[in-house]
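Have a look at the structure below, then the notes.
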Amino acid sequence: MIVPAYFDFDFFWSVLWPPWHSPFLAAAVLVLVMTVVAQTTGVLLGFPLALGRTSRNRLVRLPVDFYLWLFRGTPLLLQILFWYDGLSELTGNPKYLYPITRNALVAGTLALALNEAAYMTEIIRAGLQAIDPGQFDAARALGMRQRQVMLRIVIPQALRIIVPPTFNEYINMSKNTSLLSVIAVAELLDTAQAYFAVNFRYFEALSLAAVYYLAITSLLTAIQRRIEARFGERRDIPMPAMLPFWRRAIGLAGPMR
């Protein structure tokens, strides 16, 4: 006789609430910390790489192109396994590599950061190249040095373009941390696997992990909206509610002439 599956709400709620007694909360905090560290490192690495990507010097540009080709052309999971398992075999696992090869958390965060730097390079490059080249010439004509032009003219304007996709990458990073379960980092997915390996409540354990992933995503999305409101482009569009109903109904939200 086949027994139909059912969702064990008692087990689900006993683990979910109160959250301070749940190991999923500690795993969620770890995911949030790894997200901030890995993504922020990727952003910081992306700026010099983006400048190298736009350089006219081939000796500067070609290594950056190779970096992007390598890290964007191979799966992230493969890169995680390389830094944790492959690197020790390749180098004979010397003592100075122990912080990476014997620490899954460090190796995984490093892999996430280096991979993300390749994508942030293109995002930052697009933002920098979107600035009108005439502003460079005007600033140089005023006697400003290249460093001053970048810090005072280019980067403040480029942030309006760079910030929105960057926070999308923070949200994506929070989910990419689930790949670190393959090297036994105690993040949300690994915690869920440990639960259903003991009690075989697969759907309930995975649902608990999903709840915390959604909470992290919601938090990052709220932060993204606040920052976009601060750095986003201003648009002088009339409020639709101030227009006649018939114009709003047929989609004519532009100003009357």
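The values are calculated or read from the model by the stated rules, or taken from the named source; none is laboratory data. All of these numbers come straight from a predicted model, not from anything done at the bench. In this analysis, Cβ positions are derived from the backbone assuming ideal geometry, glycine residues included, and neighbour counts consider all displayed protein chains.
Picking from Pro156, Pro94, Pro99, Pro133, which residue would you name as being without any contact (Cβ under 8 Å) to a residue 12 or more places away in the chain, closer than 30 Å to Ser218 by Cβ and surrounded by fewer than 17 Cβ atoms within 10 Å (Cβ to Cβ)?
Numbers: Pro94 fails: closer than 30 Å to Ser218 by Cβ; Pro99 fails: closer than 30 Å to Ser218 by Cβ; Pro133 fails: closer than 30 Å to Ser218 by Cβ.
None of the others qualify; the one that does is Pro156.
Of everything in segment 91-126, what is out of contact with any helix residue (DSSP H, G or I) (no Cβ under 8 Å at 6 or more places or on another chain) and assigned to a helix (DSSP H, G or I)? Give them in sequence order. Lys95, Tyr96, Tyr98 - these are the residues of segment 91-126 that are out of contact with any helix residue (DSSP H, G or I) (no Cβ under 8 Å at 6 or more places or on another chain) and assigned to a helix (DSSP H, G or I). Considering (1) modelled with pLDDT of 90 or more; (2) assigned to a helix (DSSP H, G or I), the lone condition that Asp137 does not fulfil carries the number (1).
Evaluating Ala186 against the criteria (1) within 29 Å of Ile100 (Cα to Cα); (2) at pLDDT below 90; (3) assigned to a helix (DSSP H, G or I) leaves one unmet condition, (3).
Phe47 fulfils the conditions (1) part of a helix (DSSP H, G or I); (2) surrounded by fewer than 18 Cβ atoms within 10 Å (Cβ to Cβ); (3) among the hydrophobic types (A, V, I, L, M, F, W, C) except for a single criterion, (2).
Among the residues making up segment 191-214, those that are surrounded by fewer than 20 Cβ atoms within 10 Å (Cβ to Cβ) and within 20 Å of the chain's Cα centre (by Cα) are Ala210, Val211, Tyr213, Leu214.
Against the condition part of a helix (DSSP H, G or I), without any contact (Cβ under 8 Å) to a residue 24 or more places away in the chain and surrounded by fewer than 19 Cβ atoms within 10 Å (Cβ to Cβ), how does Ser55 come out, does it pass?
Criteria not met by Ser55.
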